[in-house]
Amino acid sequence: MVNTSYFPKKADPLEKEVIDAAEFLKAANLKGNKIYYHFPLFAYAYGENGLIKNTPIVHHSFAHLEDDIQQLLKPGDIIVRDSHFGPQEMHLPLKELKDRQEFVKIKEFTSAEQLTDTYNEIEGVTIYQY
């Protein structure tokens with residue numbers, strides 16, 4: 001049993017946008033498309049475990065984007081890129097997606113609270129389709 005004063009926890013502004021992105025994609029009913037995500041909360045909000053093989057969502061680092069484009073991504077696949085885990089742990093600067101014609105921005109979820117970060121990004125979640 002876990003005894004702590006932290007739970008239940010109210011979602012912070014970025015977490016709210018992650019949850020909204022998951023709900024948006026669930027409603028889109030993207031059968032056959034993989035969804036690659038960075039923020040662990042996304043999997044919970046989407047209702048899947050991205051660490052189990054053969055699920056529609058995949059927790060994946062894009063440290064080698066060029067290789068992933070050639071070997072991993074299929075047309076129609078989705079990348080849910082957040083401003084926290086995306087550039088830091090998953091090595092995917094927003095500029096990498098913005099500058100490539102292969103990726104189309106589907107929707108952007110902007111956090112109500114903007115924090116200063118080392119990447120000079122707007123805090124939020126952006127959904128791209130390959």
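The values are calculated or read from the model by the stated rules, or taken from the named source; none is laboratory data. All values reported here derive from a predicted model rather than from experimental measurement. Neighbour counts are summed over all protein chains in view; Cβ atoms, including those assigned to glycine, are modelled from backbone coordinates with ideal geometry. Side chains are part of the model used for accessible areas, which takes the heavy atoms of the whole protein and leaves out ligands, DNA and RNA. Shrake-Rupley method; radii C 1.70, N 1.55, O 1.52, S 1.80 Å.
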Near pairs, Cβ below 6 angstrom, 6+ apart or cross-chain, from the stretch 7-29 (of a type outside the set (S, T, N, Q)) to any residue that is at pLDDT below 85: P13/A112; P13/E113
Test: residue in the stretch 14-30 that is of a type in the set (G, A, S), on the phi < 0 side of the Ramachandran plot, buried (at least 16 other Cβ atoms within 10 Å of the Cβ) and within 12 Å of the chain's Cα centre (by Cα): yes
Long-range neighbours under 8 Å by Cβ, at least six apart or interchain, first residue at positive phi within the stretch 61-73, second among the β-branched types (V, I, T): none
Candidates K74, K53, K34 - the one that is among the basic types (K, R) and either within 15 Å of the chain's Cα centre (by Cα) or open to solvent by less than 40 Å² (accessible area, probe 1.4 Å) (or both): K34
D82 vs. criteria in contact (Cβ under 8 Å) with a residue 24 or more places away in the chain and touching a Lys or Arg at 6+ places or on another chain (Cβ under 9 Å): no
Qualifying residue in the stretch 109-129 (condition: of a type outside the set (F, W, Y), over 16 Å from D20 (Cβ atoms) and touching a residue at least 40 places away in the same chain (Cβ under 8 Å)): yes
Subset of the stretch 89-108 [closer than 17 Å to E17 by Cβ and open to solvent by 100 Å² or more (accessible area, probe 1.4 Å)]: K105
